[in-house]
Amino acid sequence: METRGKKKKQGLFREAYFRQGVALQYLGRHADALAAFASGLAQDPKSLQLLVGMVEAAMKSPLREPLEPTYQQLQKMKLDKSPFVVVSVIGQELLTASHHTASVVVLEAALKIGTCSLKLRGSVFSALSSAHWSLGNIEKSTGYMQQDLEVAKTLGDQAGECRAHGNLGSAFFSKGNYREALTNHRNQLVLAMKLKDREVRWRPGMEAEELPPPLVGVWNVLLH
C-alpha cells in the first residue's frame, strides 16, 4: 500500500511539473520551462515523459542552434536517454546563454538525479560555481569550487586542480580573505609549473562579477 501511494504521489508530481513546463513554454518563458522539467526529473528521474518534454522544449527554444549538434552526438553515443547527461548539458547551455537563475535550478536538479561518474559530477560542480558567481552568490560559488577541487584531487586531475585553485584564489580575494587567496594561488602556480602552463594569470583587484570561473562542460568530459 505504501509503495502504491508513493507511486501515485510521484505520478501527480510528474504530471504537475510536465504541465507547468508546457504552460511556461507556450508563454515564451523557455528557460523557466526547462527548469520546471528538470525539477520534475529530480523527483522522478525515470520519467520518459518529462525527459522527452524537456528535450522538445529545448529544441523549440533559442537554445536549439547551439544545443542540436551536441544532442545529435548524444544520440550517437546512446546517451540521449540519460537524464543526468541531458539535464546537465541543457543546464550548461542555459548558463552559456546567461540564464543564470534557471541554469542553477537545472544543474542542481542534475545533481539530485545523480551519476556514478565522479568526473561528470565535477563538471556540474564547476558549472554551478560559475552560475552562482555570475549571480553574486559568492559563498555558494565558493562551496561548489571546493567540491570541484575535491573531485579533481580524487581523480588525480592536476589540470582540474590548477583551475579550481585559481577560481578559489579569485573568490577568496573578492571576499577579502587574502591569506586563503594567497594559499590557493600558490598551489595554482605550483601545479601550473608542473603542467608547464604559462597561460595562468591572476588579476588582483578585480570585482567578483568580472571574474567568472572557467567552465568545464559535461560535453567536454564525455569527449575525453
Fill in: Heavy-atom surface of the range 1-115, accessible at 1.4 Å and reported per residue (Å²)
55 Å²
Worksheet, complete the sentence: Charge dipole of the range 1-115 built from unit charges on the beta carbon (Lys, Arg +1; Asp, Glu -1), centred at mean Cα; most positive-end Cα among 109, 69, 47 is 47
Practice prompt. Set the Förster radius R0 to 30 Å, insert the Cβ-Cβ distance between residue 182 and residue 159 as r into 1/(1 + (r/R0)^6), and round the FRET efficiency to 0.05.
Written response: 0.90
Response to the item:
Given Cβ charges of +1 for Lys and Arg and -1 for Asp and Glu, the option among 167, 118, 143 whose Cα lies farthest towards the positive end of the dipole of the range 116-200 is 167
Practice prompt. Could you order 162, 116 so the one with the most accessible surface comes first? Probe is 1.4 Å.
Written response: 116, 162
Item to complete: Assuming a ≥ b ≥ c are the square roots of the Cα gyration tensor eigenvalues, decide whether the range 101-193 counts as rounded (a/c under 1.5), prolate (otherwise, with a/b larger than b/c) or oblate.
Response: oblate
Discussion item. Please compute the length gained on full extension between residue 146 and residue 26, using 0.36 nm multiplied by the number of residues separating them and subtracting their Cα-Cα distance.
Written reply: 39.3 nm
Fill in: From phi via Karplus (6.51, -1.76, 1.60), per-residue ³J(HN,Hα) for the range 100-108 in Hz, x at Gly/Pro
5, 5, 5, 5, 4, 4, 5, 5, 5
Worksheet item: Which value, in Å² and to the nearest 10, is the accessible area of residue 193 when all protein chains are kept and the probe is 1.4 Å?
Response: 140 Å²
Fill in: Rounded to whole Hz, the Karplus (6.51, -1.76, 1.60) HN-Hα couplings of the range 25-39, x for glycine and proline
4, 5, 7, x, 8, 4, 4, 5, 5, 5, 5, 5, 4, 5, 4
Worksheet, complete the sentence: Using a 1.4 Å probe on heavy atoms of the protein chains only, the accessible area for residue 87 in Å², nearest 10, reads 0 Å²
Item to complete: Could you check the simple spin-label distance between residue 101 and residue 81, using points 7 Å along Cα→Cβ, in nm with one decimal?
Response: 3.6 nm
Practice prompt. Kindly identify the range 1-115 as rounded, prolate or oblate by the Cα gyration tensor criterion: order the square roots of the eigenvalues as a ≥ b ≥ c, call it rounded if a/c is under 1.5, otherwise compare a/b with b/c, prolate if a/b is larger, else oblate.
Written response: prolate
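The values are calculated or read from the model by the stated rules, or taken from the named source; none is laboratory data. Predicted model, so just to flag it, every value in this text is computed and none were measured. Neighbour counts are summed over all protein chains in view; Cβ atoms, including those assigned to glycine, are modelled from backbone coordinates with ideal geometry. Only protein heavy atoms, including side chains, enter the accessible area calculation; ligands, DNA and RNA are left aside. Shrake-Rupley method; radii C 1.70, N 1.55, O 1.52, S 1.80 Å.
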